[in-house]
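To keep things clear, I will list the structure first and then write my remarks on it.
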Amino acid sequence: MDLFIIMDCIVCKSNLTKKFLIVDQKTYWECKNCFAKFLDKIHYIDRISEKKHYLKHENYIQDKRYQKFLSKLYNPLKKKLLKGDNGLDYGCGHGPALGHMIKSDGFNVDLYDPFFYPNN
């Protein structure tokens, strides 16, 4: 019985979590404190496999279709940004298209990705 399983939130570290969803025998949790939803750590893959998977993504900076996809996130965000604001594209991948879009509009954004931009 898993009523006594405690999973700390990967975002806020709260233990106010509960099972949210099971997909393909993988458990996802939801934090009742910060509302983050996350995969149970027992289902994480090793770093080499993770990087190989990311390299399959075709997220190129100049890809207009990918920019259109990202604009669903970026356009509402852009309305809240002020010139001089600083941001972070966390998990930008090998083709940081979102960061490029933000910079193209004159905003400041740093790039970070554990595989492709680890020291930025």
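The values are calculated or read from the model by the stated rules, or taken from the named source; none is laboratory data. Everything numeric in this text was worked out from a predicted model, so none of it was measured. Cβ coordinates were reconstructed from backbone atoms using ideal geometry, including for glycine residues, and neighbour counts include every protein chain displayed. SASA here: full protein model, heavy atoms, side chains in, ligands and nucleic acids out. Shrake-Rupley method; radii C 1.70, N 1.55, O 1.52, S 1.80 Å.
Going by the conditions given, is Tyr90 open to solvent by 80 Å² or more (accessible area, probe 1.4 Å) and touching a residue at least 60 places away in the same chain (Cβ under 8 Å)?
So Tyr90 fails the test.
Within segment 21-34, can one find any residue that is at pLDDT below 95 and either more than 27 Å from Cys9 (Cα to Cα) or of a type in the set (Phe, Trp, Tyr) (or both)?
no
Go through segment 33-82 residue by residue and tally those that are among the basic types (Lys, Arg) and open to solvent by less than 100 Å² (accessible area, probe 1.4 Å).
Number satisfying all stated conditions: 2.
Which condition from (1) touching a strand residue (DSSP E or B) at 6+ places or on another chain (Cβ under 8 Å); (2) not in a strand (DSSP E or B) is the one that Phe35 breaks?
Tallying (1) touching a strand residue (DSSP E or B) at 6+ places or on another chain (Cβ under 8 Å); (2) not in a strand (DSSP E or B), Phe35 fails exactly one: (1).
Step by step: first the residues of segment 16-32, then only those that are touching a strand residue (DSSP E or B) at 6+ places or on another chain (Cβ under 8 Å) and open to solvent by 90 Å² or more (accessible area, probe 1.4 Å), then the one that is farthest from Ile6 (Cα to Cα). Which residue is that?
Ile22
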